[in-house]
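The values are calculated or read from the model by the stated rules, or taken from the named source; none is laboratory data. Being a predicted model, the structure only gives us computed values, none of them experimental. When we count neighbours, we look across all protein chains shown, and the Cβ atoms used for this are built from the backbone with ideal geometry, even at glycine. Accessible surface is based on the protein model in full, side chains and every heavy atom, while ligands, DNA and RNA are left aside. Shrake-Rupley method; radii C 1.70, N 1.55, O 1.52, S 1.80 Å.
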Amino acid sequence: MQDEYFMQKAIEQAKSALDYDEVPIGAVIVKDGEIIAVGNNFKERENCAVYHAEVVAIINACKKLNNWYLDGCTLYVTLEPCPMCCGAIVNSRIDRVVYGAKDAKSGAVVSLYNLLNDKKLNHQVQVTGGVLEDECSSILTDFFKKKREDKKQNKNSNCMSL
């Protein structure tokens, strides 16, 4: 039940990214049962590829704790983390990751790779997947559907103005 509660908070972060036309992915970091940091995608706003929701949340958590070492923390994120985000998770020593939807194109937790539990790395992470998966997935599906419709609409309106 606790996982669903915090995933719902990550979903709220994902929805807030929509206000900025960002891909709606949200993340929260929890320590001792309390949210210490949140994040959503900032790539478009900052014109920087590294501002994924997980990285933004990790940066915020490190500032909050005044420490890069995030042991005892759980990261909740609406989409399975990519390789870059998994690297940040491992390097910050987060204990646990809970994700919503799988990412068949760049997921590095179970879909394409298993980076969070690679024994060659110096830290492994406990993983729980599929929490509120349908809701997490539908936010992304709806976003990209609207993007395609908008693109098609713009293309059609440009053709009509010729």
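Within the range 1-36, if we keep just the residues that are within 9 Å of the chain's Cα centre (by Cα) and assigned to a helix (DSSP H, G or I), the residue that is surrounded by the most Cβ atoms within 10 Å (Cβ to Cβ) turns out to be 10.
So that you can scan it fast, the table gives a plain yes or no per residue for (1) aromatic (Phe, Trp, Tyr); (2) over 21 Å from residue 16 (Cβ atoms); (3) under 16 Å from the mean Cα position of the chain (by Cα):
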site	(1), (2), (3)
76	yes, no, yes
81	no, no, yes
93	no, yes, no
101	no, no, yes
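Contact map, the range 1-26: residues that are at positive phi paired with residues that are open to solvent by 80 Å² or more (accessible area, probe 1.4 Å) and among the basic types (Lys, Arg), Cβ distance under 8 Å, separation 6+ or inter-chain. No pairs are found.
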